[in-house]
1. Counting only residues 5 or more places away or on other chains, whose amide H sits under 5 Å from the amide H of Leu157 once H atoms are built in the peptide plane?
2. With every protein chain kept in place and ligands, DNA and RNA left out, what is the accessible area per residue of segment 97-196? Probe 1.4 Å, answer in Å².
3. Mind counting lysine pairs for me in the chain? Cα separation below 25 Å, and the two need to be 8 or more apart along the chain or on different chains.
4. Please identify, among Gly90, Gly127, Gly108, the residue showing maximal mean-square fluctuation in a Gaussian network model of the chain using a 10 angstrom Cα cutoff.
5. With charges set only on the Cβ (+1 for Lys and Arg, -1 for Asp and Glu), what does the dipole of segment 21-84 come to about its Cα centre, in debye to the nearest 20?
6. For segment 88-181, count all C-alpha to C-alpha pairs, find those more than 24 Å apart, and express that count as a whole percent of the total.
7. May I ask you to give the solvent-accessible area per residue for segment 21-84, in square angstrom, as obtained with a 1.4 angstrom probe?
8. Over the chain, what relative contact order in percent results from Cα pairs under 8 Å that are six or more residues apart?
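The values are calculated or read from the model by the stated rules, or taken from the named source; none is laboratory data. The structure presented is a predicted model; accordingly, all values stated were derived computationally and were not measured. Quick reminder, even Gly has a Cβ in these numbers, built from the backbone with ideal geometry, and neighbours come from all protein chains shown. Areas reflect the complete protein model, heavy atoms only, side chains present, ligands, DNA and RNA absent. Shrake-Rupley method; radii C 1.70, N 1.55, O 1.52, S 1.80 Å.
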Amino acid sequence: MAIVLPDLPYQKDALTPYISAKTLDFHHGKHHNAYVTNLNKLIEGTDLAGEALEAIIQKTVNVADKAAIFNNAAQVWNHTFYWQSMRPDGGGLPMGHIAKKIDADFGGYDNFIEQLKNAGLTQFGSGWAWLVMKDNRLEIMKTANADTPIAHGVKPLLTVDVWEHAYYLDYQNGRGSYLEAFINNLINWEFVNSHLG
Ligand code: MN
């Protein structure tokens, strides 16, 4: 059973003007798809073929001769989580359980968005910024390249891709503008709440 590229959870033009259909076309159709294709080639005929994506990530993290498998598997997982972290007419003030948890653990929404934006801006080169749950506390985390919280026993609640391919067509080198659009207009708070239980 091969790993499959999941469909986007919305139409390709659904996130305009913050993320264009052209960006989603390349990002999902070319980049995400390439990770799926590469992963399937790498695991074909090995004992990882037929394993679930999460199991492949767990079994290859920090294994030197499995780095290519880990990188492609983690990128498949991270992108699927990123698409779900966004929605049309999203962003802005959180609602429900996560709103209370942000107030409790960050001392308010403003501090939360400052930390999330800072993590995205200061991730040198390619990577991801995350809202995660660690020891029942919310934390901001950043990971380099393909690395993912699920490889380290940390539960992700939200992610933003800060690889240049995520924003270059729409914002060129303006990573900060992209992060502001993500925070103000795209975050899917229902998705975040769905992980809080
Ligand atoms: Mn990406």
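1. Placed amide hydrogens put Leu131, Val132, Met133 under 5 Å from Leu157.
2. It amounts to 43 Å² per residue over segment 97-196.
3. Going through the chain pair by pair, I get 29.
4. Sorting by GNM fluctuation, first place goes to Gly108.
5. That gives segment 21-84 a dipole magnitude of about 220 debye.
6. Of all Cα-Cα distances in segment 88-181, 21 percent exceed 24 Å.
7. Computed with neighbouring chains in place, this is 46 Å² per residue.
8. 25
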